[in-house]
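Report on the following structure.
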Amino acid sequence: MSSTNPFDDDYDPEPPAAEPEAAPAPVAAPARPVPAVDGKVVVTLKGGTGYDAPWVVIHAATVADAQDQLEDKALGALIERTKRVAAHFSGGGQPSGPARSASTSGGAPRPATPAHQEAPGGEERFCKHGPMKFRSGTSKAGNVYKGFFCQESNRDEQCKAQFIK
C-alpha cells in the first residue's frame, strides 16, 4: 500500500478513491437581505467589556433599516444564544464582565488613574478658549509631567500647554 505522506519513499500522488459525498446541508436564506449600498450603517452590539466578549454586528442600508433590525423580536433571542455559545466556546465560563485592570510587562498591576485630577491648591488657569484642564502623569518616554492644557477640540487651534515645575 502506498503512503499518503509526500515525504515517504512509497508516496503515491494518486488520491485514494473518494467516498460518496453527502448532500450539502441546506443553507438558510437571510431573513433580511441587505442591499448593496456604499454608505451603509453598521451597529455593533458587544456583550461585555473584555476582549472575550461576543459581538453581534448588524449591517443596514440606512439608519431606518438599522432601527428596524434593532426592533426585530428575533434579535433578543440571537443575542442570548450568542452569549450562551460564546460561554460554551470559551470553556463554559460566563461571558466577560468588567474589564480587568491593565498590567505592565512585568505582570504587576498598574495603579489606577484617578478619575478626577485637581491642580495643586485648586489652582485654575485660562486661555483664549476658556478654562484649561489640569493633567499630570508619565509620558511614554517615562518623563513625569503636570500642567494645564487647552481644551479646544481642534488641535491646530489649541493654545500652548502651561507646565508646572
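Summary table
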read-out: Search result, residues across segment 120-165 that are in contact (Cβ under 8 Å) with a residue 40 or more places away in the chain and surrounded by 12 or more Cβ atoms within 10 Å (Cβ to Cβ); value: ILE164
read-out: Out of SER96, SER105, sole residue that is farther than 30 Å from SER153 by Cα, modelled with pLDDT under 85, of a type in the set (Ser, Thr, Tyr) and surrounded by 10 or more Cβ atoms within 10 Å (Cβ to Cβ); value: SER96
read-out: Selection count where residues are more than 16 Å from GLU80 (Cα to Cα), surrounded by fewer than 12 Cβ atoms within 10 Å (Cβ to Cβ) and modelled with pLDDT of 85 or more, scope segment 29-55; value: 1
read-out: Residue list for segment 49-88, restricted to those being part of a strand (DSSP E or B) and touching a helix residue (DSSP H, G or I) at 6+ places or on another chain (Cβ under 9 Å); value: TRP55, VAL56, ILE58, HIS59, ALA60
read-out: Among the candidates LYS140, LYS128, LYS146, residue that is modelled with pLDDT of 80 or more and either under 30 Å from GLY48 (Cα atoms) or within 21 Å of the chain's Cα centre (by Cα) (or both); value: LYS140
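The values are calculated or read from the model by the stated rules, or taken from the named source; none is laboratory data. Bear in mind that the values here come from a model prediction, so they are computed numbers and not experimental data. As a convention, Cβ positions derive from the backbone with ideal geometry for all residues, glycine included, and neighbour counts pool all protein chains shown.
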